[in-house]
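Accompanying notes for the structure given below.
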């Protein structure tokens, strides 16, 4: 094959597309700038503005919103400075709930994805359809349905009482368990689908070879299957953890006031005319910074691991 008809080893565009590369990327960059970067920039600016008494902002720059999040100076600002544990505890509760939801989704999603990926090709589509079809309904409707199911006089408690499995209704609503059920139910497909994509590409002959060498099923799982599908595990964990961290529907409808999460706190600041827009923007930027730090740490650790593997193969 001639050099003119082959792609360069570097993978760079050539020929007629070389001059159009930047123009072809223009629509994507425009969408990213308008709908992603611009709103973040607006929130960043708002986080440094002053709260207007009846809602909105006053264009006077200050660090008061960040100060309110981390420090407590008393009602009139004249008391000794203390750490404001109220909002910090809400932030840590959000991280804990998001981590727990991610772990539960992984424990349930991995065997589910493995089962679907190992079915005959003619039935995989049906199984994927069964996983995703409930999520064609709006998240608000699904969360309200979950609240109806787990309430004290809901169907679940009524069935358990009718079967004499319990003597009195199990109180789940307005508890951390209810929030966790809402997060798990909301984001389970975000774990199953990336795992399914990775497991489907997995070479099952590796498991057969391990069995021929008398490896146990647990050894094969932890030392062969899991490392092979690690990209799907990482992608699923990120896709579940990030939206769970900023969720507000499940905490609001299922958890009540005692189980506030950072997403609920931010949502309250922008609702109605009594909200504190700068404080909500500051909480949003703190949440965004935490997520970016986690993603940057993962990207850096992955880059280092690839570098070490590259040096080891030389």
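Just so it is clear, none of the values below were taken in a lab; they were calculated from the coordinates. In this text, all values refer to a predicted model and were calculated from it rather than measured experimentally. Cβ placement follows ideal geometry from the backbone for every residue including glycine, while neighbour counts extend to all protein chains displayed.
The figures follow:
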{"item": "Candidates 153, 167, 22, ranked by Gaussian network fluctuation over the chain, Cα under 10 Å, top entry", "result": "22"}
{"item": "Calculated SAXS-style log₁₀ I(q)/I(0) at q = 0.09, 0.15, 0.17, 0.19 Å⁻¹ - region 22-173, Debye, Cα scatterers", "result": "-0.69, -1.16, -1.19, -1.23"}
{"item": "Computed FRET value (nearest 0.05) for residue 307 with residue 228, which takes r as the C-beta separation and R₀ as 25 Å", "result": "0.75"}
{"item": "Separation between Cα centres of region 36-98 and region 236-264, rounded to whole Å", "result": "19 Å"}
{"item": "Cα→Cβ-extended label distance, 7 Å offset, between residue 162 and residue 298, nm", "result": "4.3 nm"}
{"item": "Highest-fluctuation residue, 241, 260, 148 considered, GNM on the chain with Cα pairs under 10 Å", "result": "148"}
{"item": "Sequence ranges 246-253, 286-293, 229-236, ranked by mean other-Cβ count within 10 angstrom, highest first", "result": "246-253, 229-236, 286-293"}
{"item": "Diffusion constant of region 102-143 at 37 °C, which comes from Stokes-Einstein with the Kirkwood Cα-pair radius and 0.692 mPa s, µm²/s", "result": "283 µm²/s"}
{"item": "Exposure proxy ranking, count of Cβ atoms within 10 Å, fewest first, for 186, 30, 228", "result": "30, 228, 186"}
{"item": "Added length on full extension, which subtracts the Cα-Cα distance from 0.36 nm per residue, residue 214 to residue 31", "result": "60.5 nm"}
{"item": "Percent RCO, i.e. relative contact order, over region 91-309, from Cα pairs under 8 Å lying at least 6 residues apart", "result": "26 percent"}
{"item": "GNM result for the chain, Cα springs below 10 Å: residue of 188, 44, 161 fluctuating most strongly", "result": "161"}
{"item": "Normalised convex hull volume, region 62-126, alpha-carbon set, Å³ per residue", "result": "123 Å³"}
{"item": "Contour excess over end-to-end distance, with Cα ends at residue 107 and residue 88 and 0.36 nm allotted per residue", "result": "4.0 nm"}
{"item": "Full-stretch length increase - residue 140, residue 100 - with 0.36 nm per residue and alpha-carbon distance subtracted", "result": "12.2 nm"}
{"item": "For region 91-309, average projected area of the Cα convex hull in nm²", "result": "16.6 nm²"}
{"item": "Exposure proxy order (Cβ contacts within 10 Å, fewest to most) of 33, 105", "result": "33, 105"}
